[in-house]
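The values are calculated or read from the model by the stated rules, or taken from the named source; none is laboratory data. These numbers were taken from a predicted model, which means no experiment stands behind them. Glycine gets a Cβ as well: all are built from the backbone with ideal geometry, and neighbour counts include every protein chain shown.
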Amino acid sequence: MDTSDITEGAPFWQPHISAWQQPGLTQKAYCEQQELRYSTFGYWVRKLRRAAEPATEKKRAG
């Protein structure tokens, strides 16, 4: 995984992902409300979740 990609994108996407996780909105509804591209939002949700996994979980998956 390219860590430079994460360090550049995370400051923008992490606050959006945290705000979306508040109850009541789907990813799609949040993206429409914030005028974000739904597919890009989903990409960053997955990317940041994978980056946050402990190293032992990554080894088991591989």
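Brief remarks follow.
- Being at pLDDT 95 or above, exposed (fewer than 11 other Cβ atoms within 10 Å of the Cβ) and not aliphatic (A, V, I, L, M) is a property that S18 lacks.
- Close Cβ contacts (under 8 Å, 6 or more residues apart or on different chains) running from residues in the stretch 28-44 that are closer than 15 Å to P15 by Cα to residues that are loosely packed, with under 12 Cβ neighbours inside 10 Å and modelled with pLDDT of 95 or more comprise C31/R37.
Yes/no per residue for (1) assigned to a helix (DSSP H, G or I); (2) of a type outside the set (V, I, T):
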site	(1), (2)
T7	yes, no
F12	yes, yes
A29	yes, yes
E32	yes, yes
L36	no, yes
S39	yes, yes
